[in-house]
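Colleague: Structure provided below as structure tokens; questions to follow.
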Amino acid sequence: MDRKINLGILVNNIVGESDFLAEHGLSILIQAQEEEKKEEHLLDCGKSSSTLLHNIAAYGIKLANLSLKTIILSHGHYDHTGGLKGFLEKTSQPIPIIGHPDVFARRVSYARGFRTISCPFNQSEIREAGGDLLLTRDSVKINDYLMTTGEVPRKNEFEKNPHFRKISNNRWLDDEVDDDLSIIIDVNQESFFLLCGCCHAGLINTLERVKELTGKTKCYGLMGGLHLVGASQERIDFTIAELKKWNPEVIIPLHCSGREAMYQLKSYFPEKTKLLNCGDSFNFDIK
């Protein structure tokens, strides 16, 4: 029996004329429907619970009817975790939360001046709010069609994070955002759909990780932050050239993908690239 997948953009940087609120952050609701059975998962929680909760209501969902199987944290930056605690406090049952052990690391960026970009909460606060934390570097198989990439090996010289630092053992270290992970949705025996938070590991590194985990070489589509904002033209060219080899049918760049990279993706893949707003959704069937 086929399942219908709906990917609803609950938090994103861009919004059209609607009741939705935009903020610098990302949250995507994964809804899978098989006959009368529905299953829901959440990728990230945006920057603030106020925006997340407002947009859930604007999306037409009553919080009491939202029964999440999991929350998956793509990484520990504030714009993906800031809404987590407030959201948990509004729910009535514990929710499993999947992430990497570094999600709660202390970290800063100095790309546009020195600023803290850590998750604003610690593990104890999240557990007290109802989060059942599963923190692992490994891939996690959530069900028969969803899994995480786990930690993504960094193989391409083009896909680096030059402006991040973190504290480990009371020392400042360069931060390659090792906690970055993505979600793999099995579409059929040959292909997958990739759902990214920020893709700090690099889109091409992440696609290679999916091939390593699944053996699949066909990317049906991808959606999420691609972290090409501020990227050099050389990196954008590299990403597009490699993406041509994967030949996805759908590309939906969000959040940190960067205006210049989004326009170039639309130019190189005019029929495949969809520029969506907060409140929009994308649907497809899986077998």
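The values are calculated or read from the model by the stated rules, or taken from the named source; none is laboratory data. What you are looking at is a predicted structure, and each value in this text was computed from that prediction instead of being measured. For neighbour counting, all protein chains shown are included, and Cβ atoms are generated from backbone atoms with ideal geometry for every residue, glycine included. Ligands, DNA and RNA are excluded from the accessible area calculation, which covers all protein heavy atoms including side chains. Shrake-Rupley method; radii C 1.70, N 1.55, O 1.52, S 1.80 Å.
Colleague: Ranked highest first by the average count of other Cβ atoms within 10 Å around their residues, in what order do 44-54, 244-254 fall?
Modeller: Details: 44-54: 22.4, 244-254: 18.5.
Result, highest mean Cβ count within 10 Å first: 44-54, 244-254.
Colleague: Here is a follow-up. Please list, or write none, the lysines whose alpha carbon is within less than 23 Å of the alpha carbon of LYS166, excluding same-chain residues fewer than 8 places away.
Modeller: Once the sequence-local lysines are set aside, what remains near LYS166 is LYS47, LYS85, LYS155.
Colleague: Here is a follow-up. Can you tell me the dipole magnitude for the chain around its Cα centre, using point charges on the Cβ only (Lys, Arg +1; Asp, Glu -1), in Debye to the nearest 20? Intermediate results must be reported in sequence, preceding the final value.
Modeller: Details: 34 positive and 39 negative charges, 87 e Å.
Rounded to the nearest 20 debye, it is 420 debye.
Colleague: Using only Cα atoms, what Kirkwood radius does region 89-210 have, in angstroms?
Modeller: On the way: mean 1/r = 0.0627 Å⁻¹.
For region 89-210, the Kirkwood estimate is 16.0 Å.
Colleague: Report the semi-axes of the equivalent ellipsoid for region 79-121 in whole Å, largest first, where each axis is √(5λ) for an eigenvalue λ of the Cα gyration tensor. Numbers along the way, then the final one.
Modeller: Details: eigenvalues 130, 30, 8 Å².
Gyration-tensor ellipsoid for region 79-121: 25, 12, 6 Å.
Colleague: Hey, another quick one. Using the C-alpha gyration tensor of region 183-280, what are the square roots of 5 times its eigenvalues, in whole angstrom, with the largest one first?
Modeller: Values: eigenvalues 80, 42, 33 Å².
The answer is 20, 15, 13 Å, longest axis first.
Colleague: Return the sequence-ordered ³J(HN,Hα) values of region 274-279 in whole Hz as given by the Karplus equation 6.51 cos²θ - 1.76 cosθ + 1.60 applied to θ = phi - 60°, using x for Gly and Pro.
Modeller: Once rounded to whole Hz, the list reads 10, 9, 9, 9, 4, x.
Colleague: Grab the DSSP H runs of the chain that are 4 residues or longer, score each as -39,500 (n - 2.57), total them, divide by all residues and round the 222 nm result to the nearest 500 deg cm²/dmol. Each step should come with its number before you reach the end.
Modeller: On the way: 7 runs with 63 residues, N = 287.
My calculation for the chain gives -6000 deg cm²/dmol from helical runs alone.
Colleague: In percent, how large is the relative contact order of the chain, given Cα pairs closer than 8 Å and 6 or more residues apart?
Modeller: Working: 686 pairs, mean separation 52.8, N = 287.
RCO, the chain: 18 percent.
Colleague: With contacts defined as alpha carbon pairs under 8 Å and 6 or more residues apart, what's the relative contact order of region 127-194 in percent?
Modeller: Values: 79 pairs, mean separation 19.4, N = 68.
Relative contact order of region 127-194: 28 percent.
Colleague: In Å², what does the accessible area per residue of the chain work out to with a 1.4 Å probe?
Modeller: Numbers: 12710 Å² over 287 residues.
Value returned for the chain: 44 Å² of accessible area per residue.
Colleague: Can you tell me the Rg and Dmax of region 25-85, counting just the alpha carbons, in angstroms?
Modeller: 11.8, 37
Colleague: Could you give me the percent of Cα pairs per 10 Å distance bin for the chain, shortest bin first, beginning at zero and ending with the bin that holds the maximum distance?
Modeller: 7, 31, 39, 21, 3, 0
Colleague: Still on this structure, please answer the following. Given the options ASP237, ASP174, ASP144, state which has the largest fluctuation in a GNM of the chain using a 10 Å cut-off (strictly under) for Cα springs.
Modeller: Of ASP237, ASP174, ASP144, the Gaussian network model singles out ASP144 as fluctuating most.
Colleague: Anyone know which of GLU17, GLU40, GLU242 comes out most mobile in the 10 Å Cα GNM of the chain?
Modeller: GLU17
Colleague: With a 10 Å cut-off between alpha carbons and a GNM built on the chain, which of GLY215, GLY76, GLY202 moves the most?
Modeller: Of the options given, GLY215 has the highest mean-square fluctuation.
Colleague: Sticking with this structure for a sec: I need the P(r) histogram for region 12-150: all alpha carbon pairs, bin width 10 Å from 0 out to the longest distance, whole percents.
Modeller: Binned Cα distances yield the sequence 11, 42, 35, 11, 1, 0.
Colleague: Write down the percent of antiparallel bridges among all DSSP beta bridges whose residues are both part of the chain, to the nearest 5. Walk me through the intermediate numbers first.
Modeller: Details: 39 of 63 bridges.
Bridges in the chain are about 60 percent antiparallel.
Colleague: Scattering from the C-alpha atoms of region 140-235 alone, worked out with Debye: what is log10 I(q)/I(0) at q = 0.17, 0.20 1/Å?
Modeller: Debye curve over Cα of region 140-235, log10 I(q)/I(0) at q = 0.17, 0.20 Å⁻¹: -0.75, -0.97.
Colleague: Follow-up question, since we're still on this one. Rounded to whole Å and sorted largest first, list the principal axis extents of the Cα atoms in region 1-54.
Modeller: So the extents along the principal axes, rounded to whole Å, are 38, 22, 14.
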